[in-house]
Structure formats: structure tokens, C-alpha cells
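See below for the structure under consideration.
The values are calculated or read from the model by the stated rules, or taken from the named source; none is laboratory data. Just so it is clear, the structure is predicted and the values come from calculations on it, not from any experiment. Every residue, glycine as well, gets a Cβ built from its backbone with ideal geometry; the counts of neighbours run over all protein chains shown. Only protein heavy atoms, including side chains, enter the accessible area calculation; ligands, DNA and RNA are left aside. Shrake-Rupley method; radii C 1.70, N 1.55, O 1.52, S 1.80 Å.
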Amino acid sequence: MNRRLFNQGLLALAASASLMMALPAQAADEAPDALIERLTKEALDTIQADKAVQAGDVARIVALVDEKVMPHVNFQRMTASAVGPGWRQATPDQRKRLEAEFKTLLVRTYAGAMSQAKNLSFTVKPLRAAADDKEVIVRTLIKGRGDPVQLDYRLEKTPGVGAGWKIYNLNVLGVWLVDTYRSQFAQEINAKGIDGLIVTLTERNKSNAAAPAKTEKPAKG
């Protein structure tokens, strides 16, 4: 991935990050494409208005994620999918630790990306889904500096009254974020086991926390 496209990908990732931090209660009653369209606009407005977010203030972003993201993103599914088959063998405590460390890793990625997200616009592509579909892909196009960036969301319709649609994966520049991490995590699990993966994630997060906020680019497996 060349530098120009990667920088555009950071902008798109930033928009997706703050989009998820803007999810309000009324999202449960919206169609998935309408939900993404409204929230993307709110996200871009947040980026423009919040100087702490623009500056990559990790403490600010963590607080927003805890408040806004977790109720509306199926983070357990994201983590389980990233860990792959090893998730089934993990104990409840190991799953809890994996989810916490994976969340920290993604928040740190968002922190760096959000500091670069300025002067963006977007369009939402027509949704190709049946009325009774329980999982859909909403495709958007983020426009900023340079070429437009395709940013897609996988969402699932969760059961129960008012549960609504939840995001469980993101595609930036043709790469599904969770799938990319799955390849990395599989190598760690094969070499060191579940506990080894937890240690690796913990050490990576500590290293990231000690450095200035920046976007971590997931290595392709």
C-alpha cells in the first residue's frame, strides 16, 4: 500500500472511529444505511469541533469509546473473529483479557488516525440487501485529500426489541480490519498459545502508550 493511499486510509479509519463514538439510542429503529449516513455526518462534525480528538488525545478517545462504542458495536464478535479458532479453546478469563487488549489496540489505532481527519466529505452507496436480511454491508466513499477512499461496514441485526444494528467489522481500502488481525493473531497462537497472544498484545499496548499517539498500521499476514 503506497503512502498516499495509506494516508487516505487513515482519514477513512478516523471517520469510522468517531462514527462509532456518535451512536445514539435512536439508532435501533433506523435502516443500516440510514444509520451509517447520519452517524458519519455526526462523526465528521465531531472531528471538526473537538480539538482534543483532532490532536489524538488518547484519554479523551478512550473515554468516548467506553461511553459510546461498546453499547453499539459487537466487540465480542470482533474479538472472537480476530482470534479465530483459538477463541473456542480460550477460558472465560482469557476471553475477557483478549477483548480488553484488542479494544485498547484498536483505540490506539483510532487515536492516531483521528488526528489526521480534517475537511472530509462522504457518500453512502445504495444498500443491496433484502428487508429480512440479518447481516448487511454498508458501503461508503470518504473524500478528503487525494483520491476517494472506500470504507465499508459489516453490520448485524441483533435480536430483541430496540437492539438494532451493530457494527462488527470495517473495510478500509479493500482490507477487512478484523481479518487482517486474524492472520497476525493466528501466528502468535500457533507459536505461543492464547496466553502468548495476550502477552504480545499487552506488551504492544504498553509500548504504544509510551509513545506519542500515532496510527498503528496492521501488518498484512
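Listing for the model above:
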read-out: Lys134 versus Lys206: modelled label distance in nm, points set 7 Å from Cα along the beta carbon direction; value: 4.2
read-out: Accessible-area order (highest first, 1.4 angstrom probe) of the listed residues Glu30, Glu42, Glu203; value: Glu203, Glu42, Glu30
read-out: Cα→Cβ-extended label distance, 7 Å offset, between Ser121 and Leu173, nm; value: 2.3
read-out: Nonlocal amide H pairs with Leu151, under 5 Å, H built at 1.01 Å; value: Thr140, Leu141, Ile142
read-out: Amide H partners (placed H, <5 Å) of Phe122, local residues excluded; value: Lys143
